[in-house]
Amino acid sequence: MAAEVTKRVQGTPAQNRLDVILGDVMKTELPYFDVCISNTPYQISSPLTFKLLATSPAPRVCILMFQREFALRLFAKPGDKLYSRLSVNAQMWAKIDHIMKVGKNNFKPPPLVESSVVRLVPKNPRPQINYDEWDGLLRILFVRKNKTIRSSFLGKSTVMDMLEANYRTWCAQNDIPVEDGPADETGADAMDTGNVAEEDEDEVEEVMDLDDDDDVPDFFREQENARIQEALKGRSSRKKRGKVGELVREKVRQVLEEETGLADKRARMCDENDFLKLLWAFNQKGFHFT
Ligand SMILES: C[S@@+](CC[C@H](N)C(=O)[O-])C[C@H]1O[C@@H](n2cnc3c(N)ncnc32)[C@H](O)[C@@H]1O
């Protein structure tokens with residue numbers, strides 16, 4: 001196709017205005033562009049969409065051909081089976097319209113799947129939210145979109161470890177002293193027993209519950225699977241929770257139960273406002289998701 005368009009403009013005034021970049025679109029740093037028209041292989045629909053949504057400054061419009069099911073996921077609403085991290089992101093950063101269905105018989109040979117052309121118009125002005133942080137929160141919630149939000153945070157040791165590390169960084173940056181050391185013996189033991197049981201149960205169940213969306217990148221799935229295997233090996237390797245860990249846990253509980261009231265809700269039922277409320281409340285407590 002590159003050869004074809006190059007040939008087409010040769011010897012015309014358009015020749016000087018055409019710059020062909022050959023390469024993998026996912027690995028190439030793209031120059032500023034205001035229109036994207038794409039008919040890429042469907043395997044890269046998800047990463048390509050995420051790349052376009054994260055592009056700043058955003059393009060004016062993107063016309064994209066996707067497999068029909070993927071297009072439906074872009075429009076899916078809370079409660080729909082196809083509602084996913086992709087739906088929330090797409091609708092947060094862009095206005096999306098279905099332009100036309102493209103039946104498989106329009107191709108020779110006909111593929112197995114139906115297609116759709118969609119128009120994606122990034123919101124302008126762009127919502128004043130850090131893309132990486134917003135997406136970081138959604139990743140935590142949509143790895144297990146059918147679980148309660150309480151369970152996605154408090155029932156997951158990797159998430160709590162990540163929040164503890166990030167809380168320590170925030171304290172260091174803001175000159176807030178942290179009280180290190182093991183958690184209070186009696187309290188910690190009592191709490192650990194309960195929470196560890198809860199965590200193990202959750203992490204084992206997770207094997208059955210990983211979001212089957214293909215917008216979870218492979219490396220993230222691999223990380224999750226490795227961690228689940230660890231959880232299955234038993235509790236003995238689990239490290240004892242320290243004072244900072246307990247403090248972080250309590251802060252997370254406050255965010256989920258008191259400040260947002262979203263602890264018992266499931267990501268698959270949450271709308272954009274719920275996610276914004278969560279992000280804001282976590283930020284207020286010094287937690288960030290980048
Ligand atoms: C479905 S064909 C469409 C071709 C052309 N756009 C057309 O409509 O005739 C997909 C094209 O995307 C190219 N492609 C596949 N993976 C790509 C990637 N990661 N980055 C850029 N182009 C890619 C393929 O070489 C192929 O030419």
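Miscellaneous remarks
- Boolean, L74 is of a type outside the set (G, A, S) and in a loop (DSSP other than H, G, I, E, B): no
- Remark: W170 falls outside the filter, which requires a residue to be within 18 Å of L262 (Cβ to Cβ) and assigned to a helix (DSSP H, G or I).
- Exclusive hit being modelled with pLDDT under 90, more than 22 Å from C270 (Cβ to Cβ) and assigned to a helix (DSSP H, G or I), set D189, D161, D180: D189
- E114 vs. criteria within 14 Å of the ligand (Cβ to nearest atom) and among the acidic types (D, E): no
- Residue satisfying condition, being within 11 Å of the ligand (Cβ to nearest atom), exposed (fewer than 12 other Cβ atoms within 10 Å of the Cβ) and in a helix (DSSP H, G or I), within set Q15, Q43: Q43
- Scanning the range 72-89 for residues that are crowded, with 22+ Cβ neighbours inside 10 Å and more than 17 Å from A54 (Cβ to Cβ) yields R73, Y83.
Listed here are the residues, each with its yes/no results for (1) in a strand (DSSP E or B); (2) β-branched (V, I, T); (3) farther than 30 Å from L163 by Cβ; (4) under 19 Å from the mean Cα position of the chain (by Cα).
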site: Y32; (1), (2), (3), (4): no, no, yes, no
site: F50; (1), (2), (3), (4): no, no, no, yes
site: R119; (1), (2), (3), (4): yes, no, yes, no
site: P127; (1), (2), (3), (4): no, no, no, yes
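- Here the range 21-40 is the region considered, the condition is being of a type in the set (A, V, I, L, M) and within 12 Å of the ligand (Cβ to nearest atom), and the residue that is surrounded by the fewest Cβ atoms within 10 Å (Cβ to Cβ) is L22.
- Any hit, the range 71-87, residues being out of contact with any Pro (no Cβ under 6 Å at 6 or more places or on another chain) and within 16 Å of the ligand (Cβ to nearest atom): yes
The values are calculated or read from the model by the stated rules, or taken from the named source; none is laboratory data. In this text the structure is predicted, and so the values were computed from the model without any measurement. Using ideal geometry, Cβ is built from the backbone for each residue, glycine included, and neighbour counts are taken over all protein chains shown.
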